[in-house]
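Here's the structure we're looking at; comments come further down.
The values are calculated or read from the model by the stated rules, or taken from the named source; none is laboratory data. All figures in this text were calculated on a predicted structure; none of them were measured in a lab. Note: ideal-geometry Cβ built from the backbone for every residue, glycine included; neighbour counts use all protein chains shown. These accessible areas exclude ligands, DNA and RNA; they are computed on the full protein's heavy atoms, side chains included. Shrake-Rupley method; radii C 1.70, N 1.55, O 1.52, S 1.80 Å.
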Amino acid sequence: QVHLVESGGGLVQAGGSLRLSCVASGRAYAMGWFRQAPGKEREFVAVTDWSESRTLYAESVQGRFTLSRDSAKTTAYLQMTSLKPEDTAVYYCASANTMLRPQATSNYNDWGQGTQVTVSS
C-alpha cells in the first residue's frame, strides 16, 4: 500500500560518498534500509521511526551512514560516507508500521525496487 522508489545509487571509489533517496507515496511509522549482495541474505542497514526519536544502525555502517527525512517525511535519505568495497550491494528502502523487530525483514510491509551501489577499490 506504500509505494517506495529509491534513487541515488551508482559507482564510486572507496572512500567516496553517495546519498540515497527513497520517495514514499504514503506515510509509515518507520522507514528502514536494507542491502543485499549477490549470494547473500538481505541485511539490515538502518531504520528511523516517524518522529526520528529512535534510530538504529548496523555496526558495519555505524559512524559512516546517516539517516534523515525531509520535513514532510515523504522522502527518506541515507547519506553514505567513507564507502568501502564491502558496501557494494543493492540497497532497498522499506516501510513498516512497527519497530518490534526493526532489524528483521519481516518487520516491513512495503519495499522499493532497489538501487545498485558499487564501490570500487
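Can you list residues whose amide H is under 5 Å from Gly16's amide H, if they're 5+ apart or on another chain and H is modeled 1.01 Å from N?
Hits under the 5 Å cutoff: Leu83.
What is the sum of charges, Lys and Arg at +1 and Asp and Glu at -1, for the other residues whose Cβ falls under 13 Å from the Cβ of Tyr77?
Summing Lys and Arg as +1 and Asp and Glu as -1 gives 0.
With all protein chains present, calculate the accessible area of Trp111 using a 1.4 Å probe and round the result to the nearest 10 Å².
Here the residue's solvent-accessible area equals roughly 70 Å².
Residue by residue through region 86-102, what is 3J(HN,Hα) from phi via Karplus (6.51 cos²θ - 1.76 cosθ + 1.60, θ = phi - 60°)? Round to whole Hz and write x for glycine and proline.
Going residue by residue, I get 5, 7, 4, 4, 8, 9, 10, 9, 8, 10, 8, 10, 9, 10, 5, 9, x Hz, with x marking Gly and Pro.
What part of the accessible area of the chain, given as a whole %, is carbon or sulfur when the probe is 1.4 angstrom? Before the final figure, lay out the partial values.
Working: 2840 of 6110 Å².
The nonpolar share, carbon plus sulfur, comes to 46 percent.
So if I place +1 on the C-beta of Lys and Arg and -1 on the C-beta of Asp and Glu, and nothing else carries charge, what would the dipole magnitude of region 10-98 be about its Cα centre? I want it in debye, nearest 20. Please report the intermediate quantities before stating the final value.
On the way: 10 positive and 8 negative charges, 31 e Å.
Computed about the Cα centre, the dipole is about 140 debye.
Between Glu52 and Ser68, what length comes free when the chain is fully extended (0.36 nm per residue of separation minus the Cα-Cα distance, one decimal in nm)?
Extra length from Glu52 to Ser68 when fully extended: 4.9 nm.
On a 1.4 Å probe surface of the protein chains, which of Asp70, Asp87 comes out largest in accessible area, and what is the full order?
Asp70, Asp87
Please list 3J(HN,Hα) in residue order for region 45-59, calculated via the Karplus relation 6.51 cos²θ - 1.76 cosθ + 1.60 where θ = phi - 60°; whole Hz, with x for glycine and proline.
Coupling constants for region 45-59: 10, 6, 7, 9, 8, 4, 8, 6, 7, 9, 10, 10, 10, 5, 4 Hz.
List the longest stretch of the chain that has no exposed loop site; here a site is one of the trypsin sites (Lys or Arg not before Pro) assigned by DSSP to anything other than H, G, I, E or B, with at most 16 other Cβ within 10 Å.
Numbers: sites that count: Arg27, Lys40, Arg42, Arg54, Arg64, Lys73.
Longest site-free region, per DSSP loop and neighbour criteria: 74-121.
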